[in-house]
Each structure stands twice: as structure tokens, then as C-alpha cells.
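Scroll down for the structure; my scribbles are underneath it.
The values are calculated or read from the model by the stated rules, or taken from the named source; none is laboratory data. A quick note: this is a predicted structure, and the numbers were derived from the prediction, not measured. Neighbour counts run over all protein chains shown; Cβ positions are idealised from the backbone, glycine included.
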Amino acid sequence: MSSTAPPIAETYQATSSWTGWLRPLVGLCVLAALLTTVVFVDENEFVIVERLGVITAVYDQIAPTASDRGLHFKWPWPISTVRRFDRRELLFDPPAREMFTRDRKNVTVSSFLAWRIPSAASDAVPLESRPVVQFYRRLGSRENAEARLDARLRAALSAEVGQSDLNSLLHVDASDQGPGDERPLSAVAQRTLAALTAAAGQDSPVESLGLELIDLRIRRINLPEGNRIAVYERMRTERLRIAERYRSAGAAERLRIESQAQRQSDELLARADADAERIRGEGEAQAVTILNEAHALDPQLYELQRTLAAYSQILNRQSTVVLSAGSRLFRLLQDGLPPASRPGDPGADNSPAGPASPPSDVLREEPVE
């Protein structure tokens, strides 16, 4: 044996040291490969399994069945790969955009869109026709999906806003009404959502992109910062003009109501005055009848009352009266009271009573200085 050849013991020792650290490394690689064969499907996600670029399994059912959710197995990586997608409802909040209304007013519209990746109807649907597979093939990620939705939403929303005037978009009903779907912005949002989902089969987000649009809401509509003051001033002027028209209509209605009420009041007062005059005339006639009947019971007493009433009208401290000798007034002062007579006696005065008046033989009456 040559002296230059290594000893057998040394060669065996070198080989043993090399295989000593290689075995654990191989074991770790095998363990890692075995771990990549395990696929756990969560309730909140869809899972696609590919083998060398070919989709072999899709876990996208609604109900958590034994063949869908839970633990599954596949070929180790890199032979088989796993793609995971969120199955929950997602909120897309694009930045506010400036748009033009039908009356050429530019406004800033802020909106948000709720969307998701829908589940397959059943296991019988082919893998390539399932929504999550279409989403993966065409979009691949949430960022790409929201970028595509942003472009489509901006175009559809601009078209709907362009069909409405600014006043109709800002119109609010009575204050006691709560927010509801009948409001203008809600109607615009519903029409926009219908426009996004109506183009089925024409590269629409619902079918061809593997997306489902759930709801669209307009958060606010505002005026651009540059012309906000000018637009507010125009709106204020228009509202003042409308308020003045309402005030004029109210004043005209007030005059109409007041004139109608005044006419009715005049009619009622005239009718009441006529009734009062009629009742007063009837009362005076009844009073004269009763007075005549009472005076007819004692004509001499009535004559005496008339004479005394004439005295009260003629005589006062500042009057001078010239009477003839045959005056009835003078006769009472000279002869005194006549003897009493009964009704029906001869010579009794049974004439109807009348108002007391001065005798005709009074010559003149002049004030005393």
C-alpha cells in the first residue's frame, strides 16, 4: 500500500461528519414540505389551489360544509400554490370628485360603495366560471378591483349627476321627514348603482369581474372651494326672491280675507240694526198704546200731568212768560185743581193721550239777563 493514500479510518471519519449535519437539514426540508401540503380554509376567505398554474380546487361555498371549510391537503410547494381572497363585504371610499349638473353648475360629490366577491351557487359550477376565479384571473387583488371600480363609478355617477339640476339635488322636504330612499341624493345613488349592475355580459363588475355591488351611498354633495361664495350668494338671492313672492301672495290673501270678513261684518251689523229698529218701533207702539189706555182711566189727572210737564219745560230762573187771562196754564195757577171726575161722566175728556207740549197761548219766552 502506498504511503500517500489516506488511511481508511480517516476517510470513514470525514464521511460520517458530513452526513451527520446533512440528515437534520434534509429532515427539516421534508418537514417544511409536509407543512406546505396543509391548507386551512377560514370562514372569512375564499381559497384557490393551483398546481403548476392550473386551478385544481376552489373553496368558495356559502355554508361551512365538511368539503369546504376547515383542513385540506395539496401537493407541496412549489408544485401547488394557494391564493386567498377576503369573502367579507368591503367598503370602497373613493376621493371626492368634481362633476357638472344639468344647469352647468360644478359640484363636489363624495360617495362610498360596498362590494364583495360572491360565492358560487353550487359545487356544480365549473371552476373557471366561479366568481372568485374570475376575480383572480381579471383583477388579482383588492387594489386592482377598487381601481377598476373607481373608474366605472366616476363615469356612472357623473352621468347621473349631469341629468339633475343643482336645486333638485339640494332640495329638502318638510323638516319633520326623516332621511329615506325618496330623497334626491338617494335616488341618484340608486340609479347609479342600477347603471353599474345593468350591463351584465358587457364586462360589467358583477359577472365578468367576479364582483357583486351591494350598496352605493352619496355621503355629501358640496360646492367647490373656488366658487362656493358666489354660488351661495346666487342661491341666497334666489331664495329671497322666492320668499318675496310668498310674502306678496300672503299679503294678497290677507287682504282678501280681511275684505271678506269686513263685508260679512257689515252685513251682520246692518241686519242687526234693522232688527233693532223694528223691535224698537214695536216697543214704542206698545208703550203708546199702554200709556193711552192708562190716561183714559182719568183724563183730568192726565190734563194735570200735561200742565205740570209744560211748567217744567217753560219755567226756569232765567225765563219770563207772558200769558193771557184765559190760558190754561194761568187758570191752574189762579183756580187751583179742578174737581175730580170719573171716567164716563159728562164733560170728561176721554181723548187719547199725547206728548206734553206748551199751550198755544204762550206769547213769548225770553231769557232774563
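If the requirement is being farther than 16 Å from L170 by Cα, touching a Lys or Arg at 6+ places or on another chain (Cβ under 7 Å) and either among the aliphatic types (A, V, I, L, M) or crowded, with 18+ Cβ neighbours inside 10 Å (or both), which of these qualifies: A96, A120, A124, A114?
The conditions single out A120.
When residues of segment 212-237 are filtered for being among the acidic types (D, E) and free of Cβ contacts under 8 Å to residues at least 12 places away in the same chain, how many remain?
Going through segment 212-237 one residue at a time, the tally reaches 2.
For segment 162-212, how many residues are surrounded by fewer than 18 Cβ atoms within 10 Å (Cβ to Cβ), under 30 Å from I48 (Cβ atoms), at pLDDT below 70 and of a type in the set (D, E)?
1
Only one residue in F92, F73 is closer than 25 Å to D215 by Cα and either modelled with pLDDT of 85 or more or outside the structural domain of L209 (by TED's automatic domain parsing) (or both). Which one?
Testing whether each residue is closer than 25 Å to D215 by Cα and either modelled with pLDDT of 85 or more or outside the structural domain of L209 (by TED's automatic domain parsing) (or both) leaves just F92.
Would you be able to tell me the number of residues in segment 92-116 that are charged (D, E, K, R) and not in a strand (DSSP E or B)?
Number of matching residues: 5.
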